[in-house]
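**Q** After the structure tokens below, expect a handful of questions from me.
Laboratory data are not the source of any read-out in this text; all were calculated from the coordinates shown. Model, not experiment: these values are computed from the prediction. Please note: Cβ atoms are built from the backbone with ideal geometry, for glycine as well, and neighbour counts cover all protein chains shown.
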Amino acid sequence: MNMNPIPIFKIFGIQVNLDFSWFIIFFLITFTLAEGFFPHFYPDYPSIVYWIVGSISAVLLFVSVLLHELSHSVTAIHFGIPVKSINLFIFGGVAMIEEEAPSPKIEFLIAAAGPLCSFLLGFIFFIMAYFYPTDDLLNGIINYLMYVNLALGFFNLVPAFPLDGGRIFRAILWTKKDLLTATKISSFTGTLFAYLLMFLGILSIFKGNFINGLWYGLIGLFLRQASKTSYEQTKFSVILSGYKVENFMQTVKPLLPDETVAEFMNFYYPFYRSSLYPVIGRDGRIYVLYVEDIKEIPQEKWNVIHVIDVAKPLIAYVSPYDSLYKALKIMNKYKLDEIPVIYGNTILGILKRSSIELLLERFLEEEKK
Ligand SMILES: [Zn+2]
């Protein structure tokens, strides 16, 4: 499903989003609770009551997952790593932590914060159940939440990257080896665990438990994909962090404000072939000329219009000393394929996405050999 998630609220500057697939899990959990768990352990209530209590429990489970993700996020923010959003979807939640942790210790703490929160919640509900040992539905909700939070804590501690346990495992390996090797090993255990889940899924289906089997299988498939993608991401970020923009940019001759569009199209564009070009403004500031904007001007006017009249204020640029990884993130953020390279107030060049992709391709070829 590729529908945009629904923004629900913002907390600590983090946008919390609900994916459409979340409604499926919400319904499934409510259904299981209302038709199975509650009537079985707490009989003799009307069906509607089970459905109400079931949906309240499902919402509280959602709050538990959210608190787990918030714990990761708040820890990341504490260490200066930005967190854009938390997305809740069919298999739980994901905190969109923007960068790799700078050290194994920070990685460890960010990863451990989630399961720690779940265990703490489980413990709180355990205490509540202890002091409220009746057998009514409120006790049922408390017991259910104790169980799911503990389960959430344990499941996430499996050393299968990118699950929290896998991140903790990676952080420990990272203290002894480099990040890439640590990620490779923990992704491998992630993939193994994913296959184990799929195997359990098939086993369950053969035993006649179709729904459980399907569920294991789907989580296995999801985890296998996630461990592969996370490994690739880490690999790319490690490679690109090792290179500076200055060695990959195309140096350019700055465009002066009073040059005409025709001059640009005849003498600059054929040579640089970039969709944008930095221009020095009459005020000394830097502006950006977009080829797209020029194409809207009738060609017979190109001789009389100055580039500065078409140029727009500079919104994004990179420094020659930025890493390619940082540059790529800025380009992705502003949806650019080319970006001006500027140092202080001096135009130095243009960095193209294609140069970065070429570098990555070269690495992939090397890897195959
Ligand atoms: Zn987690």
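**Q** Here are some pairs, K176/K228; K184/K326; K329/K368; K301/K329; K253/K369; K326/K368; which of them have Cα atoms lying more than 28 Å apart in this structure?
**A** K301/K329; K253/K369
**Q** Based on the Cα atoms of region 37-95, what semi-axes does the equivalent ellipsoid have, where each is the square root of 5 times one gyration tensor eigenvalue, given in whole Å with the largest first?
**A** 35, 10, 7
**Q** Right, next: In Å, what Rg and Dmax follow from the Cα atoms of region 1-136?
**A** Rg then Dmax for region 1-136, in Å: 17.5, 56.
**Q** Shifting gears a bit: Quick one: Kirkwood hydrodynamic radius for region 98-202, alpha-carbon pairs, angstrom, one decimal?
**A** For region 98-202, inverting the mean 1/r across all distinct Cα pairs yields 15.2 Å.
**Q** Report, in deg cm²/dmol and to the nearest 500, the calculated mean residue ellipticity at 222 nm for the chain, where each DSSP H run with n ≥ 4 adds -39500 (n - 2.57) and the sum is divided by the residue count.
**A** Result for the chain: -18500 deg cm²/dmol, rounded to the nearest 500.
**Q** Let me ask another. Can you give the Kirkwood hydrodynamic radius of region 320-369 from its Cα pairs, in Å with one decimal?
**A** Kirkwood hydrodynamic radius for region 320-369: 11.9 Å.
**Q** Additional query: Taking the Cα atoms of region 245-368 alone, what are Rg (to one decimal) and Dmax (as a whole number) in Å?
**A** 15.4, 54
**Q** Looking at the chain, do any whole DSSP H helices span at least 18 angstrom along their long axis by alpha carbon and average 1.0 or above on Kyte-Doolittle, and which?
**A** Span-like helices here: 47-78, 104-131, 137-157, 179-206.
**Q** Once Lys and Arg get +1 and Asp and Glu get -1 on their Cβ, which of G122, I106, V94 lies farthest toward the positive end of the dipole of the chain?
**A** Working it through, the farthest residue towards the positive pole turns out to be I106.
**Q** Which of the chymotrypsin sites (Phe, Trp or Tyr not before Pro) across region 4-45 are loop residues per DSSP, with 13 or fewer other Cβ within 10 Å?
**A** F12
**Q** Can you give the three extents of the C-alpha atoms in the chain along their principal axes, from longest to shortest, in whole Å?
**A** 86, 47, 40
**Q** Do any chymotrypsin sites (Phe, Trp or Tyr not before Pro) in region 285-327 lie in a DSSP loop with no more than 12 other beta carbon atoms within 10 Å, and if so, which?
**A** Here the sparse-neighbourhood loop sites are Y321.
**Q** Next question, about the same structure. What dipole magnitude, in Debye to the nearest 20, does the chain give about its Cα centre under +1 on Lys/Arg Cβ and -1 on Asp/Glu Cβ?
**A** Its charge dipole is roughly 800 debye.
**Q** Same structure, new question: Looking at region 99-147, which chymotrypsin sites (Phe, Trp or Tyr not before Pro) are DSSP coil and have at most 11 other C-beta atoms within 10 Å of their C-beta?
**A** When the chymotrypsin sites (Phe, Trp or Tyr not before Pro) of region 99-147 are filtered for loop state and at most 11 Cβ neighbours within 10 Å, nothing remains.
**Q** Give me the Kirkwood hydrodynamic radius of region 132-281, using the inverse of the mean 1/r over all pairs of distinct Cα atoms, in Å to one decimal.
**A** It works out to 20.4 Å.
**Q** Continuing with the same structure: Could you work out the relative contact order of region 165-284, using alpha carbon pairs under 8 angstrom and six or more residues apart, expressed as a whole percent?
**A** Relative CO of region 165-284 lands at 19 percent.
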